[in-house]
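The values are calculated or read from the model by the stated rules, or taken from the named source; none is laboratory data. None of the values given here were measured: they were computed from a predicted structure. Counting neighbours? That spans all protein chains shown, and the Cβs are built from the backbone with ideal geometry, glycine included.
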Amino acid sequence: MNLVESYKDDLKLIEKPWTGCWITMTVIALLLLPWFGNEHLIYMGTLIFIVSVGIMGQNILIGYTGQISLGQAGFLAIGAFSFGHMAQMGLPIGLALLGAGCMAAFFGVLVGFPSLRLKGPYLAIVTLGFGIAVYQTFASFEVLSGGRMGLVIPKFPALFGLTREASMYYFSLFLGIAFTLATYNLISSYMGRAFVAIRDNDIAAEVLGVNLTRYKLLSFAISSFYTGIHGAMFAMFMGFIDPQMFNFSESLIIFVAVVIGGLASVEGAIFGAAFVILVPQVFSGYKEFVPVIFGVTVIFIMIFEPLGLAGRWFKMRLYYRNWPFR
Amino acid sequence: MSLLKVDKLTVQFGGIKALTAIDFEMEEKEILAIIGPNGAGKTTLFNCVSGVYHPTSGEILFAGESLLGLSPDRIAQRGIGRTFQNIRLFNNMSVLDNLMLGRHMKFQRNILQAFLRIRKEELLHREKVEEIIDFLDLAAYRQARVIDCPYGVQKRVELGRAIVMEPKLLLLDEPVAGLTVEEKNRVAYLVTEMRGRFGFGILLIEHDLRIVSRLADRMVVLNFGQKLAEGNPAEVQRNPEVIRAYVGEG
């Protein structure tokens with residue numbers, strides 16, 4: 001039996017022992033992957049962890065706070081290039097990551113200001129403009145982008161006798177888990193509640209004493225911090241960046257991942273990240289059809305499962321939890 | 001000193017005068033009803049007091065301090081809570097979370113506590129919220145999503161969300177509209193109980209005159225943005241101007 005006996009029980013991160021069980025098993029499986037999986041699997045895993053951090057951030061903004069943003073590539077680029085420059089200056093990786101995140105968060109706040117006045121599609125247009133402006137800035141100023149050759153970034157070092165790839169894998173796994181936990185904590189706290197309140201009914205939220213300015217800007221700052229970290233990790237993973245990697249279609253892919261994974265869901269962010277990484281891999285022979293697959297999936301998701309893959313996942317769990325009753 | 005003083009309040013939307021030089025005062029722990037036909041400006045008045053609209057001219061004093069130019073969240077912090085005529089709840093949250101948001105201002109907010117899952121505050125405020133859940137008899141709906149709850153329950157949740165703010169002044173915009181007779185009586189009871197138990201001053205908009213005249217200590221009648229009459233319910237209902245506005249020429 002799983003009776004809630006105190007208010008404290010209601011606040012537990014993992015409610016059912018069974019949930020804890022399979023989460024532990026998943027984490028152990030992920031930890032063992034470098035020993036059993038091939039190089040390609042490690043590559044994919046690393047990429048999914050990195051991307052899911054960014055998708056989680058954008059899910060906080062788009063899914064939870066309801067501020068539609070299409071400028072993610074801008075924050076990615078800011079994160080990646082700040083990390084690149086800081087790493088080239090010889091800063092330790094942790095510090096450079098933090099710096100990249102904070103730089104993106106700073107620009108997030110700047111972009112957040114229009115959100116105080118604009119809603120829905122209008123905000124989407126402003127953020128879209130921001131994304132393109134950042135791309136153009138990096139493309140035209142060689143001081144920032146490292147010129148035609150792009151910016152070469154020192155890769156993650158090999159640690160504890162592991163290969164370089166495996167070290168990077170563990171580092172991104174660690175970051176992915178840390179950010180997942182932080183996101184779960186954030187959204188179940190007073191702040192997450194305030195974000196959802198702003199999405200559901202901003203006037204009512206304001207009348208209850210939620211400072212719209214502060215929380216909208218906070219949401220922008222936090223989400224761009226995540227995206228900045230995503231960009232920085234991606235830069236380190238690739239070992240090389242140029243502005244072309246952060247064009248508008250990158251924003252769209254992140255947006256698609258948020259929607260397909262499931263709005264306002266942390267698991268959804270991970271599913272969405274896995275989707276946008278795995279689909280191009282599976283259909284690598286038909287590259288030109290990947291956007292078509294994304295588009296069609298979004299349409300199907302919108303019609304049949306508005307909560308995305310996370311909604312499906314939730315229903316599946318509910319089904320097995322209640323089995324054989326329905 | 002009066003709890004709320006509205007002085008020559010005028011609101012203009014372009015050429016339309018929604019409110020013209022409205023004056024009234026209310027004391028602490030008073031239940032003051034605002035009545036009037038549709039479009040009289042009652043909700044506009046509420047929106048001005050709670051900071052959603054900014055009046056064209058005039059003054060609103062709450063406990064002696066001006067509320068003009070403050071944003072709604074600052075006004076909420078001063079101690080004014082409100083409900084809405086057409087329910088404005090956070091539809092995708094549970095009833096419990098809706099009520100917890102009412103405690104938002106009282107939280108000691110700390111971004112690190114949020115990220116590190118330190119939930120001492122949360123438990124503290126949960127106690128208070130549970131008290132109100134008992135008071136409003138919402139225990140059966142605690143974990144239900146608000147949008148799945150019946151209308152009467154949603155009305156009560158909205159009432160509860162305003163109560164947990166522990167305001168000094170509560171603005172209730174048609175709290176019994178659309179309810180059954182039974183539910184109406186229950187809300188009427190809750191309103192008087194709220195004053196007795198929590199000591200709120202209550203400013204009330206209502207169309208159901210039978211309920212209002214039973215609840216209110218005094219009434220203010222608005223029509224076309226102007227104050228028609230003020231006084232205790234019996235006086236107001238005998239006022240010929242009021243009868244003309246409500247029933248038409250006799």
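Across the stretch A:1-23, the number of residues qualifying as assigned to a loop (DSSP other than H, G, I, E, B) and within 13 Å of chain B (Cβ to nearest Cβ) comes to 8.
If you check A:Leu212, A:Leu186, A:Leu208, which single one turns out to be touching a residue at least 40 places away in the same chain (Cβ under 8 Å), at the interface with chain B (Cβ under 8 Å from one of its Cβ atoms) and over 21 Å from the mean Cα position of the chain (by Cα)?
Criteria check complete, one pass: A:Leu212.
Yes/no matrix, rows are residues, columns are (1) farther than 15 Å from B:Phe84 by Cα; (2) at pLDDT 90 or above:
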position	(1), (2)
B:Tyr151	no, yes
B:Pro175	no, no
B:Phe200	yes, no
B:Glu230	yes, no
B:Asn239	yes, no
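The rows are residues; the columns are (1) in the same structural domain as B:Pro175 (by TED's automatic domain parsing); (2) over 17 Å from the mean Cα position of the chain (by Cα); (3) under 28 Å from A:Asn201 (Cα atoms); (4) at pLDDT 90 or above.
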{"residue": "B:Met1", "(1), (2), (3), (4)": "yes, yes, no, no"}
{"residue": "B:Gly14", "(1), (2), (3), (4)": "yes, yes, yes, no"}
{"residue": "B:Lys29", "(1), (2), (3), (4)": "yes, no, no, no"}
{"residue": "B:Thr44", "(1), (2), (3), (4)": "yes, no, yes, yes"}
{"residue": "B:Gly64", "(1), (2), (3), (4)": "yes, yes, no, no"}
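Looking across the stretch B:1-40, the residues that are on the phi > 0 side of the Ramachandran plot, of a type in the set (Gly, Ala, Ser) and part of a loop (DSSP other than H, G, I, E, B) come down to B:Gly14, B:Gly36, B:Gly39.
No other residue among B:Val220, B:Val187, B:Val191 is surrounded by 15 or more Cβ atoms within 10 Å (Cβ to Cβ), touching a residue at least 40 places away in the same chain (Cβ under 8 Å) and assigned to a helix (DSSP H, G or I) apart from B:Val191. When residues in the stretch A:279-300 are screened for being more than 21 Å from A:Val51 (Cβ to Cβ) and surrounded by 12 or more Cβ atoms within 10 Å (Cβ to Cβ), 0 of them pass.
One residue alone among B:Glu166, B:Glu127, B:Glu174, B:Glu122 is at the interface with another protein chain (Cβ under 9 Å from one of its Cβ atoms), among the acidic types (Asp, Glu) and either touching a Leu at 6+ places or on another chain (Cβ under 7 Å) or touching a residue at least 60 places away in the same chain (Cβ under 8 Å) (or both), and that residue is B:Glu122. Screening the candidates B:Ile80, B:Ile35 for the property of being β-branched (Val, Ile, Thr), within 11 Å of chain A (Cβ to nearest Cβ) and touching a residue at least 12 places away in the same chain (Cβ under 8 Å) yields one hit, B:Ile80.
Residue-by-condition table, conditions (1) crowded, with 22+ Cβ neighbours inside 10 Å; (2) away from every other protein chain (no Cβ under 13 Å):
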position	(1), (2)
A:Phe174	no, yes
A:Phe195	yes, no
A:Ala204	yes, no
A:Ala232	yes, yes
A:Met236	yes, yes
A:Ser251	yes, yes
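Going through A:Gly112, A:Gly79, A:Gly101, A:Gly108 one at a time, which residue ends up being part of a helix (DSSP H, G or I), touching a residue at least 40 places away in the same chain (Cβ under 8 Å) and more than 16 Å from the chain's Cα centre (by Cα)?
Working: A:Gly79 fails: more than 16 Å from the chain's Cα centre (by Cα); A:Gly101 fails: more than 16 Å from the chain's Cα centre (by Cα); A:Gly108 fails: more than 16 Å from the chain's Cα centre (by Cα).
Result: A:Gly112 is the single residue among A:Gly112, A:Gly79, A:Gly101, A:Gly108 that is part of a helix (DSSP H, G or I), touching a residue at least 40 places away in the same chain (Cβ under 8 Å) and more than 16 Å from the chain's Cα centre (by Cα).
Of the residues making up the stretch A:213-270, those that are closer than 28 Å to B:Met93 by Cβ and not in a helix (DSSP H, G or I) are A:Gly262, A:Leu263, A:Ala264, A:Ser265.
Checked against the criterion of being within 9 Å of chain A (Cβ to nearest Cβ) and without any contact (Cβ under 8 Å) to a residue 60 or more places away in the chain, the candidates B:Asn86, B:Asn92 yield just one match: B:Asn92. Test B:Arg145 against the criterion of being charged (D, E, K, R) and in the same structural domain as B:Asp97 (by TED's automatic domain parsing), and give yes or no. Against the criterion (charged (D, E, K, R) and in the same structural domain as B:Asp97 (by TED's automatic domain parsing)), B:Arg145 qualifies. The condition of being out of contact with any Asp or Glu (no Cβ under 6 Å at 6 or more places or on another chain), within 14 Å of chain B (Cβ to nearest Cβ) and not charged (D, E, K, R) does not hold for A:Ser69.
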